[in-house]
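The values are calculated or read from the model by the stated rules, or taken from the named source; none is laboratory data. All figures in this text were calculated on a predicted structure; none of them were measured in a lab. Neighbour counts are summed over all protein chains in view; Cβ atoms, including those assigned to glycine, are modelled from backbone coordinates with ideal geometry.
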Amino acid sequence: MIHGTHNALDDPRNEDVLVYINGELLPRQDAKISVFDSGYLVGDGVWEGLRLHDGVLVFLNEHLDRLYQGAATIGMDIGMSRQELAAELHQTLDANEMHDGVHVRLMLTRGIKKTPSQDPRLTISGPNLVIIAEHKQADPKSRERGITLFTSSIRRGSPDYLDPRLNCHSKLHEVQALIQALQAGADEALMLDIHGFVATCNATNFFMVKNNEAWTSTGRYCMNGITRGKIIAACHKHGIPCAEKNFSLFDVYGADEAFVTGTFGGLTPVTAIDGRDIGPYGPMTQKLQAYYDEAVHRAVNAARPSR
């Protein structure tokens with residue numbers, strides 16, 4: 001059975017969702033894009049995953065900051081303002097009559113190519129924008145049971161060839177890392193940076209707890225996680241020591257607790273790494289989950305007047 005941080009409860013409503021493609025809303029089974037799309041051909045694009053809570057796209061500004069930074073990094077003009085893009089997101093949600101417990105995947109690619117090629121000059125259309133909104137609640141068993149990790153031999157890359165902070169469609173190295181972990185009997189992969197320090201997981205950010213102090217990587221070799229940033233901010237706000245630093249598997253194997261963070265699952269405890277037991281859902285992880293939930297509620301309440 002599949003188990004991991006992205007486990008979701010089944011929801012039959014998803015069979016009838018409308019998918020947004022470049023201004024059109026299409027039934028799920030009719031939602032298609034050209035095989036000449038830049039994302040399909042060469043992974044040329046950026047994306048975001050967002051959560052809808054009580055009618056509010058939580059931390060929308062931070063997600064848009066990351067999206068527009070990513071587009072600028074790869075030299076892609078999104079072709080619409082932040083306000084226009086937000087309006088398309090809300091149009092999709094309204095068309096699906098969605099108000100809560102929703103996960104939204106926003107994907108932007110450079111556009112349609114004249115012929116299969118990585119050359120951006122052969123793009124003959126504007127960017128392709130796809131928005132998939134689904135009724136998606138995290139399976140509570142993921143948090144109750146926790147996940148196991150296996151350290152992959154696939155490293156997070158150097159910023160001078162593919163900056164790990166870039167949330168792009170090119171995810172093959174993370175897929176390779178996950179396959180290694182699955183073959184080793186773990187749920188997900190822990191990945192090291194080019195210097196051998198702990199960087200991140202294949203789809204989430206990694207934290208460990210030692211002597212009531214939270215540790216996470218420097219951030220140079222991991223995706224610029226929105227949830228990761230909220231946990232670091234919560235630690236600072238509530239007087240919990242939180243170190244963004246280099247540390248190795250030597251430190252990880254002696255951790256009191258470990259957890260991963262992501263937009264979909266929030267915080268998910270890690271119970272074992274490379275066969276070494278870490279422990280159950282620990283008190284620090286539970287405390288930080290509560291602080292994260294508070295941050296979500298504050299964001300919802302702050303956004304409501306503008307909607």
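Here the condition is being closer than 27 Å to VAL175 by Cα, touching a Ser or Thr at 6+ places or on another chain (Cβ under 6 Å) and among the aliphatic types (A, V, I, L, M); of ILE78, ILE33, ILE112, it holds for ILE112 alone. Considering region 215-240, the residues that are of a type in the set (Gly, Ala, Ser) and in contact with an Asp or Glu (Cβ under 9 Å, 6 or more places away or on another chain) include one that is surrounded by the fewest Cβ atoms within 10 Å (Cβ to Cβ), namely GLY229.
When THR285, THR261 are checked against the criterion of being in a helix (DSSP H, G or I) and either among the acidic types (Asp, Glu) or at pLDDT 95 or above (or both), THR285 stands alone in meeting it. Every condition in (1) touching a Leu at 6+ places or on another chain (Cβ under 9 Å); (2) without any contact (Cβ under 8 Å) to a residue 60 or more places away in the chain holds for ALA95 except the one numbered (2).
Could you check region 106-136 and list, in sequence order, the residues that are part of a strand (DSSP E or B), under 26 Å from SER81 (Cα atoms) and not polar (S, T, N, Q)? Those that are part of a strand (DSSP E or B), under 26 Å from SER81 (Cα atoms) and not polar (S, T, N, Q): LEU106, MET107, LEU108, ILE112, LYS113, LEU129, VAL130, ILE131, ILE132, ALA133, GLU134. Applying the criterion of being surrounded by fewer than 19 Cβ atoms within 10 Å (Cβ to Cβ) and at positive phi to the residues of region 81-116, the residue that is nearest to the chain's Cα centre (by Cα) is GLY101.
Looking only at region 137-154, how many residues end up being modelled with pLDDT under 95 and either crowded, with 21+ Cβ neighbours inside 10 Å or not in a strand (DSSP E or B) (or both)?
The number of residues fulfilling the criteria is 9.
Table: residues versus (1) touching a helix residue (DSSP H, G or I) at 6+ places or on another chain (Cβ under 6 Å); (2) surrounded by 14 or more Cβ atoms within 10 Å (Cβ to Cβ); (3) closer than 15 Å to ARG105 by Cβ.
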position	(1), (2), (3)
HIS6	no, yes, yes
ASP16	no, no, no
ALA31	no, yes, yes
ASP37	no, yes, no
TYR40	no, yes, no
LEU52	no, yes, yes
